[in-house]
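Q: Can you read through this structure? Questions will come right after.
The values are calculated or read from the model by the stated rules, or taken from the named source; none is laboratory data. Note that the structure is predicted; figures quoted are calculated from it, not measured. Positions of Cβ are generated from backbone atoms using ideal geometry, with glycine treated the same way; all protein chains shown enter the neighbour counts.
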Amino acid sequence: MTVKRLSAPTLLLLPAVLVLAAVVVVPLCLSFYSSFTPFRLTRPETFFTFIGLRSYRNILSDANFWWAFGRTVLLLTIALNLEMLLGLGLALLVEKASRGQRLLRTIMMFPMMFSPILVGFQFKFMFNDNIGLVNNALQSLGVTRDAIPWLIEGHLAFVAISIAEIWSSTSIFAILILAGLLAMPKEPVEAARVDGCTPWQTFRYVTWPFIMPFAYIAMTIRSLDVARAYDIVKIMTDGGPAGRTELLWTLVARTAYSDARMGVANAMAYFSILLSIVFTVYFFKKLAAARTQIGAEW
Amino acid sequence: MAIVSLKKLTKRYGSMEIVHGIDLDVADREFIALVGPSGCGKSTTLRMIAGLEDISGGTIEIGERIVNDLPPRSRNISMVFQSYALYPHMTVRENLGFSLKIAGAPKEEMDRRVAEASAILGLDALLERRPSQLSGGQRQRVAMGRAIVRDPDVFLFDEPLSNLDAKLRTQMRTEIKKLHAKVKSTVIYVTHDQVEAMTLADRIVIMRDGYIEQVGTPDEVFQRPATRFVAGFIGSPPMNLQEATVADGKVVFAGGQSLPLPIRFKAKVNVGDKVVFGLRPDDIYPAGHGLHSGDAADVHDVELPVTVTEPLGNETLVFAEFDRRDWVSRMLNPKPLKAGDRVAMHFDLSQAHLFSAETGKSLRA
């Protein structure tokens, strides 16, 4: 009686499959399953009560959830667009530097070297209405005499969070776009100058199409980043005041750990992932189109 | 209508001077080739004319207008780059029409001029393709089309054929020549390939280390090279050049062998002068296998051993040892020869050149 031996390819793949199953597939399945139960951390037996799509129905009819969803999309839109513009500007400036470009590139990366938690603390201090740098500066410059309640008024808090987010991540755009600028051939730009283009036209018709794929790569990375924004918000406002800066993942975390409603939180999380997938697919399509357009060979 | 005039044109990068105050006048509709080894400043000169490099000193005039401080777009020039520099995200049609679009030309005029250029260059079937779908030769034609469409005062070519394979290069060379005959613009053409320069240009400018060595028609630079450098640069295979000392009625080479001093140099040199003796491969040939144009009295016979032969079909390059060095000779109507054979060589001294060993300048009248 011979034991049937596994074929070599199966055997070689087995460790990877086992590890992946243990750390990714099983937890994923369990969490997905739990989104169909009223699972509460405090009452483990609820894990085995199947309630179908009830949690999904509940969150989709919950105004707070939709507000958080909408705010996340808004933050994404504002942050990505401004980061794109600022990053592009920075990259163009740094590319022009004939000396010390290395140094500038390193300095440009500084914001990325700090933990988002620390960035959150730093901006929380800067925007503090009593002792913060921002109000102090505005008052010293005579712009205002009032203490602007940056982190206390809902809209202003959202602005403050956006600024922190943009400050910490503009360099991703700058670095990727700079990479694009450095990689692009110089001759088409020279040809455009000879062909009669003003500097703006050269940028618009020649440089921009070249760096567009790089911008889309940055967009993809950052859309995933912002769609799961948590740390900066948690530190600066913790979703407050009165839930006015609540984003998807601060809401998910609050539901999961403060309220211990893991089942509902998982339902929210799975719904939120849709958002990320949509953005990723969208930007990848754009990226592919942009690459084809410039005939990129990468 | 454009005359291009360079006056004391200088280019410096920091303290390094690359182009040393050169003067050059290009006539209207003239085809000028700037030729020289890499690093001689020819491309830099062209780029200064285009406005892609700042000018460190001197002036550039195009059409009697000083353009030193004008951006490239205001100089009414077209440039064809070595790497084609097409816009990869535009179709051939868009590439051709781009400059007109930028200039805000009406649609009909744009279509007409693109159609004209495309007809001249045979691009009609390719108009909707993108550069990535074209071969090297086709890309280069699009690049030229883009230059023609602008109807510029001056065409600038920066080594346009260097990226093509040998066969295509010959073919495109002919096309460029035909093109110039059709569009009749002033052309400044940079190349490191002396054959391209010889075949295309009305006049050739030979540059070296940021100086102009000689300006002349292909015939002049070939027949009457002004310097030893030009003599060695123009012509393929290059001229045989050997250092020698003038003695009584002859030139004596380092190894002790000598050749009679050609008569027309008698008054130009003194005994003891250090010179460089030059003779083209065409003017050294095995008896009966060359083209001798001059006086029989100018032909000097030497029997030499053959070291290497390079058969080319219609002719064979024969390397023969004279004064312990290899001299190249061109054998027309070739007969089989092998290394070690001794051959009676004719040296046609009426075609000989002498250069001062010190200054490199030609001693010819």
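Q: Select from segment A:185-204 the residues that are of a type in the set (Lys, Arg) and over 32 Å from the mean Cα position of the chain (by Cα) and write down the one among them that is nearest to the other protein chains (Cβ to nearest Cβ).
A: Narrowing segment A:185-204 to residues of a type in the set (Lys, Arg): A:186, A:193, A:204.
Next cut, over 32 Å from the mean Cα position of the chain (by Cα) only: A:186, A:193.
Details: A:LYS186: 9, A:ARG193: 4 Å.
Of everything passing the filter in segment A:185-204, A:ARG193 is nearest to the other protein chains (Cβ to nearest Cβ).
Q: Could I ask something else about it? Here is a check on your reading of the model: is B:ASP209 closer than 24 Å to B:MET79 by Cα, modelled with pLDDT under 90 and among the acidic types (Asp, Glu)? Give the steps one after another, and end with the answer.
A: Details: closer than 24 Å to B:MET79 by Cα: yes; modelled with pLDDT under 90: no; among the acidic types (Asp, Glu): yes.
It is false that B:ASP209 is closer than 24 Å to B:MET79 by Cα, modelled with pLDDT under 90 and among the acidic types (Asp, Glu).
Q: Considering only residues that are part of a helix (DSSP H, G or I) and either outside the structural domain of B:GLY21 (by TED's automatic domain parsing) or closer than 23 Å to A:PRO199 by Cβ (or both), which ones fall in segment B:44-65?
A: At the first step, the residues of segment B:44-65 found to be part of a helix (DSSP H, G or I) are B:44-50.
Hits for segment B:44-65 are B:THR44, B:LEU46, B:ARG47, B:MET48, B:ILE49, B:ALA50.
Q: Specify the residue that is nearest to B:PHE155 (Cα to Cα); the eligible residues are those in segment B:81-96 that are buried (at least 23 other Cβ atoms within 10 Å of the Cβ) and either among the polar types (S, T, N, Q) or more than 9 Å from every other protein chain (Cβ to nearest Cβ) (or both).
A: B:LEU96
Q: I'm checking my understanding of the structure. Among residues of segment B:231-273 that are among the polar types (S, T, N, Q) and in contact (Cβ under 8 Å) with a residue 40 or more places away in the chain, which one is nearest to B:PRO311 (Cα to Cα)? Give the steps one after another, and end with the answer.
A: As a first pass, look at segment B:231-273 and keep what is among the polar types (S, T, N, Q): B:236, B:240, B:242, B:245, B:257-258, B:270.
Right, trim to in contact (Cβ under 8 Å) with a residue 40 or more places away in the chain and you get B:236, B:240, B:242, B:257.
Working: B:SER236: 15, B:ASN240: 19, B:GLN242: 24, B:GLN257: 28 Å.
My answer is B:SER236.
Q: Let me ask something else. What number of residues within segment A:38-72 are surrounded by fewer than 12 Cβ atoms within 10 Å (Cβ to Cβ), free of Cβ contacts under 8 Å to residues at least 40 places away in the same chain and more than 28 Å from A:ALA160 (Cα to Cα)?
A: Number satisfying all stated conditions: 8.
Q: Taking segment B:60-80 as the search range and keeping residues that are touching a Gly at 6+ places or on another chain (Cβ under 8 Å) and of a type in the set (Lys, Arg), which one is nearest to the other protein chains (Cβ to nearest Cβ)?
A: Selected residue: B:ARG73.
Q: Can B:GLU17 be described as farther than 17 Å from B:PRO160 by Cβ, touching a residue at least 12 places away in the same chain (Cβ under 8 Å) and within 16 Å of the chain's Cα centre (by Cα)?
A: Details: farther than 17 Å from B:PRO160 by Cβ: yes; touching a residue at least 12 places away in the same chain (Cβ under 8 Å): yes; within 16 Å of the chain's Cα centre (by Cα): no.
No; evaluated as a whole, the condition is false for this residue.
Q: Would you confirm, using the coordinates I've provided, whether A:GLY240 is on the phi < 0 side of the Ramachandran plot and at pLDDT below 85?
A: Working: on the phi < 0 side of the Ramachandran plot: yes; at pLDDT below 85: yes.
It is true that A:GLY240 is on the phi < 0 side of the Ramachandran plot and at pLDDT below 85.
Q: Now a separate question. Exactly one condition in (1) in contact with a helix residue (DSSP H, G or I) (Cβ under 6 Å, 6 or more places away or on another chain); (2) within 14 Å of chain A (Cβ to nearest Cβ); (3) within 27 Å of B:GLY122 (Cα to Cα) is not met by B:PHE31; state its number.
A: If we test B:PHE31 against (1) in contact with a helix residue (DSSP H, G or I) (Cβ under 6 Å, 6 or more places away or on another chain); (2) within 14 Å of chain A (Cβ to nearest Cβ); (3) within 27 Å of B:GLY122 (Cα to Cα), just (2) comes out false.
Q: With among the aliphatic types (A, V, I, L, M), more than 24 Å from A:TYR270 (Cα to Cα) and either at pLDDT below 90 or loosely packed, with under 11 Cβ neighbours inside 10 Å (or both) as the only criterion, which of A:VAL3, A:VAL94, A:VAL23 stands out? Quick ask: steps written out before the conclusion?
A: Numbers: A:VAL94 fails: either at pLDDT below 90 or loosely packed, with under 11 Cβ neighbours inside 10 Å (or both); A:VAL23 fails: more than 24 Å from A:TYR270 (Cα to Cα).
The match here is A:VAL3.
Q: Additional query: For segment B:45-80, give me each residue that is surrounded by fewer than 20 Cβ atoms within 10 Å (Cβ to Cβ) and within 20 Å of B:ARG208 (Cα to Cα). Walk me through how you get there before you give the answer.
A: The first filter runs over segment B:45-80 and keeps only residues surrounded by fewer than 20 Cβ atoms within 10 Å (Cβ to Cβ), leaving B:47, B:53-59, B:61, B:63-66, B:68-71, B:74, B:76.
Selection gives B:ARG47, B:GLU53, B:ILE55, B:SER56, B:GLY57, B:GLY58.
Q: Of all residues in segment A:280-298, count the ones that are at pLDDT below 85 and either away from chain B (no Cβ under 14 Å) or not in a helix (DSSP H, G or I) (or both).
A: Of the residues in that region, 5 qualify.
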